[in-house]
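The values are calculated or read from the model by the stated rules, or taken from the named source; none is laboratory data. Just so we're clear, the structure is a prediction, and the values are computed from it rather than from any experiment. We place every Cβ from the backbone using ideal geometry, glycine too, and count neighbours over all the protein chains shown.
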Amino acid sequence: MIAGRAAPGANVTVKDGDKELGTVTADGRGEWVLLPTSPLAPGGRTLTLDAKVGNGPSVASERDVVLVVPERQKDLAGRPTAQPSQSLALSVPSAGTSGPSSVMQAPPTQRSTPAPVQPQGQITVDVIDYDKTGRVIFSGKVQPEGDIRVYLDNRLIGESKSAAGDWRLSPEDEVAAGNYTLRADLLGQGGRVVARVELPFQRAVVTPEILAGGSVVVQPGNSLWRIARRAYGGGVLYTLIYTANADQIRDPDLIYPGQVFQVPTRTN
């Protein structure tokens, strides 16, 4: 079953590559459901769709779905298993775009949020890493140079000074494992905040063994697709990483900076 939303009354066509799987009409609420006439064969594929209302032009979806159907009695990575296997779908930008951005949402919080900042500079969090002892390290870039304050869930965890447009901070106090909202403020004259960046962050439990070869720390902007493309040369092989880290990944579209994933060796 394939389902989605479109303009009410739109004719939606779903394709598997060049093969049309079917056309269905969205109801008055814009919801549609398509039941292909035959099962999809095992393997990876990209599903695309377009919609057309009346005599208007056909409009392609801005996102495709990479779908992996496992073979019978095999898991998503192609390994024999006696357990039932389910298909896995990942939403990605449609062909012609630069690739999927990570879809990350901050965990719910009851804490008050800072007042909006009128941007007069720029600050980024580019790298989240762990040292050999497992202490977390944050780094990024700023413009103009200045003092940086870093917060987790609105609690100050450290201050840093930029150098040549870069900043780096390893908090003195240990950061407990868990989900946080990470915020970095760039201060101007008089201690006024001139730029701010905020993103979700998951402090992983790490050991020297985990940080040894065969692992990757999720960075801001990462997705399973991008990690697989860098590790294996093809984004569709994200299922290898998903399967190896299923205990950490509830949704392949939702991963957090700071998570540490094992990247298994590709066997074929």
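Key figures
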| item | result |
| --- | --- |
| Residues located in the range 17-39, provided they are closer than 30 Å to residue 74 by Cα, surrounded by 15 or more Cβ atoms within 10 Å (Cβ to Cβ) and at pLDDT below 85 | 34 |
| Residue pairs meeting the criteria (Cβ under 8 Å; at least 6 apart or on separate chains; first over 22 Å from residue 190 (Cβ atoms), in the range 149-164; second among the hydroxyl-bearing types (Ser, Thr, Tyr) and part of a strand (DSSP E or B)) | 152/180; 152/181; 153/180; 153/181; 157/151 |
| Residue in the range 228-235 that is touching a residue at least 40 places away in the same chain (Cβ under 8 Å) and farther than 26 Å from residue 163 by Cβ present | yes |
| Qualifying residue in the range 92-115 (condition: crowded, with 18+ Cβ neighbours inside 10 Å, modelled with pLDDT under 95 and closer than 30 Å to residue 73 by Cα) | yes |
| Total residues in the range 1-29, condition hydrophobic (A, V, I, L, M, F, W, C) and without any contact (Cβ under 8 Å) to a residue 12 or more places away in the chain | 0 |
| Count of the range 137-164 residues which are hydrophobic (A, V, I, L, M, F, W, C), surrounded by 17 or more Cβ atoms within 10 Å (Cβ to Cβ) and either at pLDDT 95 or above or not in a strand (DSSP E or B) (or both) | 5 |
| Evaluation of residue 262 against (1) touching a strand residue (DSSP E or B) at 6+ places or on another chain (Cβ under 6 Å); (2) farther than 27 Å from residue 74 by Cα; (3) surrounded by fewer than 18 Cβ atoms within 10 Å (Cβ to Cβ) (one fails), failing number | (2) |
| Boolean, residue 171 is closer than 30 Å to residue 69 by Cα, touching a strand residue (DSSP E or B) at 6+ places or on another chain (Cβ under 6 Å) and in a loop (DSSP other than H, G, I, E, B) | no |
| Subset of the range 228-246 (residues that are in contact with a helix residue (DSSP H, G or I) (Cβ under 6 Å, 6 or more places away or on another chain) and of a type in the set (Val, Ile, Thr)) | 241 |
| Flag for residue 76 being at pLDDT 80 or above, aliphatic (A, V, I, L, M) and closer than 28 Å to residue 244 by Cβ | no |
| Filtered residue count, the range 212-254, keeping only those that are hydroxyl-bearing (Ser, Thr, Tyr), buried (at least 21 other Cβ atoms within 10 Å of the Cβ) and either closer than 13 Å to residue 88 by Cβ or at pLDDT below 85 (or both) | 3 |
